[in-house]
1. Between the helical axis of 45-58 and the dominant principal axis of the chain, each derived from Cα atoms, what acute angle in degrees is found, rounded to the nearest 10?
2. Mind pulling the angle between the C-alpha long axis of helix 3-15 and the longest principal axis of the chain? Nearest 10 degrees, somewhere in 0 to 90.
3. Expressed in nm to one decimal, what extension gain is obtained for the pair residue 57 and residue 30 from 0.36 nm per residue of sequence separation less their Cα-Cα distance?
4. At what distance in nm do the modelled label points of residue 15 and residue 68 sit from each other, each positioned 7 Å from its Cα along Cα→Cβ?
5. Given the rule -39500 (n - 2.57) for each run of at least 4 DSSP H residues, summed and divided by the residues of the chain, what is its mean residue ellipticity at 222 nm, to the nearest 500 deg cm²/dmol?
6. Answer with a single label: of (i) 49; (ii) 56; (iii) 45, which was calculated as percent of Cα pairs over 17 Å apart from the structure in view?
7. Relative contact order for segment 3-58: what is it in percent, counting Cα pairs under 8 Å that are at least 6 residues apart?
């Protein structure tokens with residue numbers, strides 16, 4: 001998947017209210033592992049979907065603006 005498509009899909013998960021039920025979980029599982037490590041703590045996909053729903057409920061009309069994007073050169077592995 002091209003990087004820009006990945007970023008667009010990730011931002012869409014957080015900018016829109018996730019679909020109800022299993023569809024919301026499936027949407028997050030396409031892009032995240034279960035569990036996800038955030039700031040050293042593990043969060044389940046259910047937690048991530050709940051966070052996205054809470055964010056959408058409290059911040060109606062919120063949008064994320066991508067200010068810059070870095071691209072790794074071919075063959076480069078971050079952290080090595």
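None of the figures in this text is laboratory data; all of them are computed from the coordinates on show. Keep in mind it's a predicted model, so treat the numbers as computed, not measured. Using ideal geometry, Cβ is built from the backbone for each residue, glycine included, and neighbour counts are taken over all protein chains shown.
1. 70
2. Computed tilt is about 20 degrees.
3. Roughly 7.5 nm would be gained on extension.
4. 2.1
5. Details: 3 runs with 35 residues, N = 80.
Theoretical 222 nm ellipticity from helices: -13500 deg cm²/dmol.
6. Answer label, from the structure shown: (ii).
7. Values: 40 pairs, mean separation 21.1, N = 56.
It comes to 38 percent, rounded to a whole number.
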